[in-house]
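The structure appears below as structure tokens.
Throughout, read-outs are computed from the coordinates displayed, never taken from laboratory work. This one's a predicted model, so the numbers in the text were calculated from it and none came from an experiment. Positions of Cβ are backbone-derived with ideal geometry, glycine not excepted, and every protein chain shown enters the neighbour counts.
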């Protein structure tokens, strides 16, 4: 039987995102992925682009690099059946059929400013016969595409929602949990994992912790938090860790032994950390924004809280400047108030916490919403349809 050979194309100046890790580790049956190596010589691009991404010269540089580095010499590879673009558009239409996956329409422009011409080019690229399918990673992502393309009838028929998937971490690792960092006990172990502390809600979580000193809580934080921030919180019950663990280590040492995962984010286009927590049998508390509402069932596998600082809700197509402006906003009292109430409730009602932990695993069962089996079944259908149309 001929295997479908799929070339993954992405901005490989950094490792491919965790969203695609299980795709490469557990590909659909009959599919062989080819992926370019990380260009370590381009690693300085990321911080530069994050800072100057809205400038015209930066956009031109990224477009040049996409043509000359990310795509050049790869599209003519022999025996490739299908091209799979990850969060980016081809700058020149390839001679192979291709699909594009998207977590947010603005990601196609790397969250930099885009013009009417950019939108016109996007629409024409997605309408072309070579573009066989557009995979939205959530219903929220689908709506962002439809909004940007004006509900174009040709494009809308090409869109399929296929959620990311992770393996059943609790099933795989529950007998090899590492208790060196999070100690089991009668208290409540809270976990936060995320870079960009301000936008991920770490400041609100720390303020919440300060207001719950009477409870036996331990807060474990894996983040690139600044030394200045870390020095402000010297409580022996607040534990900061650098972002240097690999994914399996984080699962075994943090997600699995934690009682609850809290990340009251101001803006996440998906949030793989939520899937990692749930697949580890750990309930999640986060905000009612974008795709979070598709991941967390309020009161069942976690809690969803209100916030007035959700930039993806206020600005459907946010630029980098907008994202940066939200990171500078003050600690939100509304979020802190809700976190205090929910943490107290879970602390005093361990049966509720236990029930939520059981529910956390439901969407990862075979055929479940975030199961590898479900994702692979859908991808196989997309790939076969793309090659037969």
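Quick notes on this structure:
- FRET efficiency estimate (nearest 0.05) - Cβ-Cβ, residue 327 to residue 366, R0 35 angstrom: 0.30
- The stretch between residue 344 and residue 139, if pulled fully straight at 0.36 nm per residue, gains 70.6 nm over its current Cα-Cα span.
- For the pair residue 152 and residue 298, label points projected 7 Å from Cα toward Cβ lie 3.5 nm apart.
- For the stretch 366-387 and the stretch 14-33, distance of Cα centres in Å: 13 Å
- The chain, helix-only ellipticity at 222 nm - DSSP H runs n ≥ 4, -39,500 (n - 2.57), divided by all residues, nearest 500: -10000 deg cm²/dmol
- For the stretch 169-364, relative contact order (Cα pairs under 8 Å, six or more residues apart, normalised by length) works out to 24 percent.
- The Cα atoms of the stretch 169-364 cover 45, 38, 33 Å along the three principal axes, with the biggest extent listed first.
- Within the stretch 200-222: backbone nitrogen closer than 17 Å to the residue 240 label point (7 Å, Cα to C-beta): 200-210, 219-222
- Maximal additional length on extending the residue 358-residue 211 stretch stands at 50.0 nm, based on 0.36 nm per residue less the C-alpha distance.
- Length gained when the stretch residue 38-residue 127 is fully extended (0.36 nm per residue, less Cα-Cα span): 29.0 nm
- Segments 304-317, 13-26 sorted - mean Cβ within 10 Å per residue, highest first: 304-317, 13-26
- With Cα atoms, 0 to 90° folded angle of helix 350-360 axis to the chain main axis: 10 degrees
- Angle between the chain longest axis and helix 372-388 axis [Cα atoms, degrees, rounded to 10]: 10 degrees
- Cα gyration tensor shape of the stretch 300-364, rounded if a/c is under 1.5, else prolate or oblate by comparing a/b with b/c: oblate
- Largest to smallest principal axis extent of the C-alpha atoms in the stretch 145-207, angstrom: 56, 34, 19
- Ranked from largest, the principal axis spans of the Cα set of the chain equal 64, 48, 40 Å.
- A crude spin-label estimate for the pair residue 195 and residue 381, with each label 7 Å from Cα along the Cβ direction, gives 3.5 nm.
- Taking the chain as a Gaussian network of alpha-carbon nodes connected by springs under 10 Å, the highest mean-square fluctuation of the residues 130, 143, 213 belongs to 213.
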